[in-house]
Amino acid sequence: MSTKKPHGNREATPDAKAVPPQTPRPGTVPSASAAPDASPTDAGPTVELSRRRLLGTVGAAGAAGLVVGGAGGVIGASAARGDAPAPLTTVGTTRVPFRADRAAHQAGITTPLQASGHLLAFDLAPDADRKAAAALLRRWTRTAQDLMEGRAPAHDTAVAADAGPSSLTVTFGLGHSFFDRTGLTKQRPVPLDPLPDFSADALDARRSNGDLWLQIGADDALVAFHALRTLQKEAAPTARLRWQMNGFNRTPGATARPMTTRNLMGQLDGTNNPKPSDPDFDARIFVGRDADATWMRGGSYAVVRRIRMLLDDWEQRPRTDQEKIIGRRKDTGAPLTGGDETTPMRLDANRPDGLPVIPANAHARIAAPESNQGAALLRRPFSYHDGFRDDGAPDAGLLFICWQADPLRAFTQIQRKLDRGDALSPFLRHEASGLYAVPPAPESGGYVAQPLLEG
C-alpha cells in the first residue's frame, strides 16, 4: 500500500502502512487482493471498502424525477453515521457478488454508483437462433464473473492487469425484439411492451432499443474499459454492436465529506431515491413471486434514456430561477420549503401571496411519489460528455437509468406527467430510449436467463 502523503482532501490514516479494515454495507465481498483482515467469518464476509462505498452517492443515486433528485436517492449508511471515508488506496479491492448464491439480483442495480460506466446494446446476427443466444449468454456470464472477481479471462489484453476488481459490475438485459429473434415471443413479459411516445421525445432509432443490453460500471476507468472490450469481442459472431454510450460520475474520495453527487447542471442528484431499507423497496423495484413470467421473478426492468442537457441555456439562468425550476436549493439540495437535503417537501406550503412555495410546475414536485400515486423509481444514472455539436453547444447530459418492477406503473406514469408541464423540460432533449427485462442473478453453474432459454 502506498506510503505517500495524501493530497488535497484525502484523509490521511494514522499509519499509512496499516489501514484498518472498514465495515461494509451488504452486497460486497472481499477480493482476492484484500487485506488478511478481510477474511470471511461465521458472521459473514468483512470487506475493505472503497471511498465510493462510504460516500452519499450510494447505489441508488440518480436523477430526481428523470434528472435531478425530485423523487429518488439514497444517503449512504456511513454518511448517516458520520463515518470518515476509507483511504483511496482501497478502491481497487472492492468486489461485488455476481451469482445468486451471494446476491439474489444482478449486480449494478443496488450497487453503489461507480465512477465510470458503459452502456451497450447488441442485435443478434441474422443467422443467430435461440441456441446461439444461449451460448453467448453462457460465455458472457462466465467472463463477467471472472472479471468481477478480478480474474483475467483467456487471451487477456492486460489493460487492467495492475488493478483489482474496483467494484466492477456487469448487468445483462433482454430487449423486446430479443424474444421474436429467438422464437420466444410467447414468453415475453407484458411489462416489456414498448414505451409510449412522449411529446418531448426526439429519439434516434439507431441509438435506441436492441436485442441485448449490457451495463458496465467500475470505480476505475481502465477496469471498466477492459470489461467493455472483452465482452464486446466475445459477442462475435453471434451479436453485433447496435450502440454504445460512455458515462462517468464523481470519483471515489473526491469530496472532503460524504455527500450526494451532482449532475452536469450542478444539482445534487439522487436525494430521495427509494432505500433498500424501505419496507416496500423490493415490491417497487423487483419482480414479485406472483409474476406470470416465472423466469423474471426477482429480476427488474431497466429504462434507459439519453437525455441531453441544454447547458448553455441553463447556465444563463440565475440561480434563483434554477431553484424554482427544480424546487430545491442548488447548494444543499434542500426543498424550497426549508430544512436540509433529506427534509420532506411540503407540497402544501404557500407564500404570503397564496402561490405555492414550490412552484406547481417544479420538476421535484411533478416527479414526487406524492404527485404520482406513490410511483417511484430507483435512479442510477451516469453523466456523459461527447464533445460539442456543430452549433458549439456541449453534447452532454445524463445517461438516465431507472429500475422498477413495472415500467407502466412507474416510469411511464411519471414521464407522462413530466411531459405535460415540467419546468425543466425546455432545458432537456430526450434523444435515445430503451426498455430491458433484467433477469435475476444466475444460479451457481448456470448463466443469465437460462430458465427462459432452456425452459
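The values are calculated or read from the model by the stated rules, or taken from the named source; none is laboratory data. The structure displayed is predicted, hence computed values, not measured ones. A quick note on method: Cβ atoms are made from the backbone with ideal geometry, for glycine too, and the neighbour counts reach across all protein chains shown. Areas reflect the complete protein model, heavy atoms only, side chains present, ligands, DNA and RNA absent. Shrake-Rupley method; radii C 1.70, N 1.55, O 1.52, S 1.80 Å.
Test residue 135 against the criterion of being open to solvent by 20 Å² or more (accessible area, probe 1.4 Å), farther than 19 Å from residue 299 by Cα, touching a residue at least 40 places away in the same chain (Cβ under 8 Å) and assigned to a helix (DSSP H, G or I), and give yes or no. Yes.
Just to check your reading of the model, which residue among 387, 338 is of a type outside the set (A, V, I, L, M, F, W, C), under 25 Å from residue 115 (Cα atoms) and modelled with pLDDT of 95 or more?
That would be 387, the only listed residue that is of a type outside the set (A, V, I, L, M, F, W, C), under 25 Å from residue 115 (Cα atoms) and modelled with pLDDT of 95 or more.
When 132, 163, 154 are checked against the criterion of being small (Gly, Ala, Ser) and within 14 Å of residue 231 (Cα to Cα), a single residue qualifies: 154.
Does residue 143 satisfy the criteria of being out of contact with any strand residue (DSSP E or B) (no Cβ under 9 Å at 6 or more places or on another chain), part of a helix (DSSP H, G or I), open to solvent by less than 10 Å² (accessible area, probe 1.4 Å) and within 24 Å of residue 382 (Cβ to Cβ)? The answer is no for residue 143.
The conditions of being touching a residue at least 12 places away in the same chain (Cβ under 8 Å) and surrounded by fewer than 21 Cβ atoms within 10 Å (Cβ to Cβ) are met by residue 370. Of everything listed in (1) farther than 30 Å from residue 208 by Cβ; (2) in contact (Cβ under 8 Å) with a residue 60 or more places away in the chain; (3) over 18 Å from the mean Cα position of the chain (by Cα), the single unmet condition for residue 279 is (2). Determine which member of the set 393, 432, 405 is of a type in the set (A, V, I, L, M), touching an Asp or Glu at 6+ places or on another chain (Cβ under 6 Å) and open to solvent by 10 Å² or more (accessible area, probe 1.4 Å). Answer to the selection: 393. Just one of 350, 263 is crowded, with 22+ Cβ neighbours inside 10 Å and out of contact with any helix residue (DSSP H, G or I) (no Cβ under 8 Å at 6 or more places or on another chain); which is it? Only one candidate passes the filter, namely 263.
Yes or no: residue 431 part of a loop (DSSP other than H, G, I, E, B) and in contact with a strand residue (DSSP E or B) (Cβ under 7 Å, 6 or more places away or on another chain)? Spelling it out, it is not the case that residue 431 is part of a loop (DSSP other than H, G, I, E, B) and in contact with a strand residue (DSSP E or B) (Cβ under 7 Å, 6 or more places away or on another chain). Please go through region 164-185 and pick out each residue that is buried (at least 20 other Cβ atoms within 10 Å of the Cβ) and more than 22 Å from residue 432 (Cβ to Cβ). 164, 165, 166, 167, 168, 182 - these are the residues of region 164-185 that are buried (at least 20 other Cβ atoms within 10 Å of the Cβ) and more than 22 Å from residue 432 (Cβ to Cβ).
For region 283-304, the candidate set comprises residues that are under 30 Å from residue 266 (Cα atoms) and part of a helix (DSSP H, G or I); within that set, the residue that is least open to solvent (accessible area, probe 1.4 Å) is 285. Determine, yes or no, whether residue 418 is surrounded by 21 or more Cβ atoms within 10 Å (Cβ to Cβ) and touching a helix residue (DSSP H, G or I) at 6+ places or on another chain (Cβ under 7 Å). Considered against the rule, which asks whether it is surrounded by 21 or more Cβ atoms within 10 Å (Cβ to Cβ) and touching a helix residue (DSSP H, G or I) at 6+ places or on another chain (Cβ under 7 Å), residue 418 comes out as yes. Here is the figure for region 198-213: residues that are closer than 13 Å to residue 122 by Cβ and part of a loop (DSSP other than H, G, I, E, B) total 3.
If the requirement is being out of contact with any Pro (no Cβ under 6 Å at 6 or more places or on another chain) and in contact (Cβ under 8 Å) with a residue 24 or more places away in the chain, which of these qualifies: 406, 422?
422
For (1) of a type outside the set (Gly, Ala, Ser); (2) under 21 Å from residue 299 (Cβ atoms); (3) buried (at least 24 other Cβ atoms within 10 Å of the Cβ), each residue gets a yes or a no:
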| position | (1), (2), (3) |
| --- | --- |
| 187 | yes, yes, no |
| 198 | yes, no, no |
| 202 | no, no, no |
| 205 | no, no, no |
| 215 | yes, yes, yes |
| 219 | yes, no, yes |
| 222 | yes, no, no |
| 229 | yes, no, no |
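Considering region 75-104, the residues that are basic (Lys, Arg) and at pLDDT below 80 include one that is nearest to residue 261 (Cα to Cα), namely 81.
Pairing each residue of region 216-234 that is at pLDDT 95 or above with any residue that is polar (S, T, N, Q) and in a helix (DSSP H, G or I), provided the two are 6+ apart or on different chains, yields C-beta distances under 8 Å for 230/143; 231/143; 234/143. Applying the condition of being at pLDDT below 95 and either surrounded by 18 or more Cβ atoms within 10 Å (Cβ to Cβ) or not polar (S, T, N, Q) (or both) to region 436-455 and asking which residue is farthest from the chain's Cα centre (by Cα) yields 455.
Return the pairs, sorted by first residue and then second, in which the second residue is open to solvent by 80 Å² or more (accessible area, probe 1.4 Å), the first residue lies in region 186-204 and is more than 13 Å from residue 437 (Cβ to Cβ), the beta carbons are less than 8 Å apart, and the residues are 6+ apart or on different chains. Filtered contacts from region 186-204: 196/416; 198/416; 200/429; 202/429.
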